[in-house]
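Derivation of every value follows stated rules applied to the coordinates shown; laboratory data play no part. As the structure is a computational prediction, the values presented were derived from the model and not from experiment. Glycine also receives a Cβ, built like all others from the backbone with ideal geometry; neighbour counts cover every protein chain displayed.
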Amino acid sequence: MRKKRFLWCAASVLAAALALTSCSADSTSDGAEPVGPVKVSDGGLTGDPIVIGSICSCTGPAAGSVGRSSDVLQAWASWVNDRGGINGHPVKLISYDDQQNPTTALAVAKRLVEEDKVVAIVGQTSLVSSSWQSYVDSKGIPVIGGQPVDAPFITDPNFFASGTTLPVLMLGEVAQAKKAGAKTLGVYYCAEIPVCEQLPQMVKPMAEQAGLGFASEKVAIAAPNYIAPCLAFKEKGVDAVFPGVSVEAISRIAASCAQQGYTPIQAPTGVSLQKAWATDPNFEGSIFAGSNALYTDESIPAIKDFNNALAEYIPGLRDSADFSSPLLWPWAGGQLFLAAAKAAGLSPSSTSVDVITGLRALRDETLGGLAPPLTFPEGKPAFPMCYFTGSTKDGAFHSDNGGKPTCIDTATAAALMKALAPS
């Protein structure tokens with residue numbers, strides 16, 4: 001139980017950092033409406049649809065990262081319908097914005113289940129999922145894909161991850177730093193949210209297990225500069241840094257350190273890659289590990305489908321500042337639902353039990369190279385044992401290993417869980 005609670009808290013760290021990516025204010029409304037300007041195509045299909053739902057924090061503090069996630073999922077639904085639907089049936093998507101408000105989130109979850117009669121919640125990017133998790137569990141409604149760093153994907157068998165979950169992702173970050181030749185890994189973590197203090201506790205044993213030194217510094221997102229933490233890391237010999245802060249602060253910290261003549265290897269997590277970093281000289285040579293394939297690597301057919309669909313159904317998004325790696329999460333969730341639907345032969349009369357049967361039938365499913373091998377054992381959460389890696393070079397992001405993931409063996413996984421267990 002203590003290990004489960006520790007993993008839950010640690011998983012909340014990256015979600016908390018993600019929640020800081022926008023300066024917009026929290027909404028206090030407890031109402032919600034369907035979101036997204038993208039009209040879903042029915043592909044000319046007739047007959048009853050297969051109805052799925054989704055919940056996003058599309059407005060509120062996280063709008064800077066996941067604000068367009070509902071649009072992406074709607075584009076996925078159009079893409080599926082225009083290609084024959086699911087087993088010949090149209091898919092109908094109903095998506096609600098919880099405004100990152102727990103009360104609103106629970107209300108829309110109930111609406112999806114009790115009024116909209118969805119068979120699954122797909123591609124969710126809600127940052128307050130803990131407020132509705134137990135409700136959908138009690139109703140037997142599976143949650144399929146979405147933000148893979150969300151805590152329930154580690155602990156809840158009813159949450160089916162469409163990418164690498166947090167423990168292996170963090171192991172990948174540490175392995176990338178070591179592979180790049182780093183000797184000491186430093187972690188910046190946010191001062192604004194208490195749970196961020198869990199991040200050093202999680203990464204330190206991994207760094208030590210890899211033979212790396214470790215240091216950490218608490219930073220305030222609103223600080224006018226980061227000279228003090230930069231110099232502290234420089235004095236401690238930190239030569240690779242992992243930032244557990246908002247993406248905007250990541251850029252400002254890197255710039256502040258460079259002004260002091262301190263240019264360690266930047267190792268931001270692949271789940272928060274921002275388009276602007278590719279051309280920022282402070283991120284040249286940076287490394288990352290990701291939960292899914294690199295969202296810009298069109299040498300991977302599944303990523304090319306993703307980008308082509310955005311170009312077709314949401315023109316201009318890929319060229320906008322809103323385009324970043326978190327927008328791949330809802331698409332990956334949709335593709336996982338599609339794989340399960342095909343495996344189970346879903347139809348409009350199918351139930352959530354049928355959806356889960358389809359998910360359980362999948363074995364090492366990679367969604368065409370989009371995800372690490374996914375298998376969902378009965379009665380326990382999945383634990384994907386692979387992660388994707390890449391680097392920034394010459395103004396662009398690049399995949400390692402030809403876009404294929406790096407996998408850990410069972411002995412490494414056991415050692416990882418032991419390292420994460422609280423003393």
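Place +1 on the Cβ of every Lys and Arg and -1 on the Cβ of every Asp and Glu in the stretch 225-299, take the dipole about the Cα centre, and give the residue among Asn282, Pro229, Gln259 whose Cα lies farthest towards its positive end.
Ranked along the dipole, the leading option is Pro229.
Determine Rg/Rh for the stretch 245-303; Rg is computed over alpha-carbon atoms and Rh is the Kirkwood hydrodynamic estimate from the same atoms. Working shown, then result.
On the way: Rg = 12.6 Å, Rh = 12.4 Å.
Rg divided by Rh gives 1.02.
Sum -39500 (n - 2.57) across every DSSP H segment of at least 4 residues in the chain, then divide by the residue count to get the 222 nm mean residue ellipticity, nearest 500. Write out the running numbers ahead of the final one.
Numbers: 14 runs with 154 residues, N = 423.
Mean residue ellipticity, 222 nm, calculated: -11000 deg cm²/dmol.
Evaluate the charge dipole of the stretch 173-282 about its Cα centre and quote only its size in Debye, nearest 20, assuming +1 on the Cβ of each Lys and Arg and -1 on the Cβ of each Asp and Glu.
Details: 9 positive and 9 negative charges, 47 e Å.
For this selection, approximately 220 debye.
Restricting attention to the stretch 345-423, which trypsin sites (Lys or Arg not before Pro) occupy a DSSP loop and are surrounded by at most 14 other Cβ atoms within 10 Å? The partial results should precede the final answer.
Working: sites: Arg360, Arg363, Lys393, Lys418; in loops: Arg363.
Sparse-neighbourhood loop trypsin sites (Lys or Arg not before Pro): Arg363.
Based on Cβ point charges of +1 for Lys and Arg and -1 for Asp and Glu, what charge dipole magnitude is obtained for the chain about its Cα centre, in debye rounded to the nearest 20? Don't skip to the end; give the middle numbers.
Values: 30 positive and 38 negative charges, 213 e Å.
So the magnitude is around 1020 debye.
Using θ = phi - 60° and the Karplus form 6.51 cos²θ - 1.76 cosθ + 1.60, what ³J(HN,Hα) does each residue of the stretch 220-225 get, whole Hz, x for Gly and Pro?
8, 4, 8, 4, x, 7
Post the alpha-carbon centroid distance, the stretch 140-180 to the stretch 247-301, in whole angstrom.
20 Å
Compute the acute angle (0 to 90°) between the alpha-carbon long axis of helix 247-259 and the principal axis of greatest extent of the alpha-carbon atoms of the chain; round to the nearest 10°.
Relative to the chain, helix 247-259 is tipped by roughly 20 degrees.
Beyond 32 Å between alpha-carbons counts as too far, so tell me which of Lys39/Lys139; Lys218/Lys404; Lys178/Lys342 fall in that bin. Working shown, then result.
Details: Lys39/Lys139 29 Å; Lys218/Lys404 34 Å; Lys178/Lys342 41 Å.
From the list (Lys39/Lys139; Lys218/Lys404; Lys178/Lys342), the Cα-Cα distance tops 32 Å for Lys218/Lys404; Lys178/Lys342.
For the chain, find the longest principal axis of its Cα atoms and tell me its angle to the long axis of helix 410-420, 0 to 90°, nearest 10.
For 410-420 against the chain, the angle is about 70 degrees.
Suppose each label sits 7 Å from its Cα in the direction of the beta carbon; what would the Thr410-Tyr135 distance come out to in nanometres?
The answer from the label model is 4.0 nm.
At a Cα cut-off below 16 Å, give the aspartates and glutamates reachable from Lys236, other chains included and same-chain residues fewer than 8 away excluded.
Straight-line reach from Lys236, under 16 Å: Glu208, Glu217.
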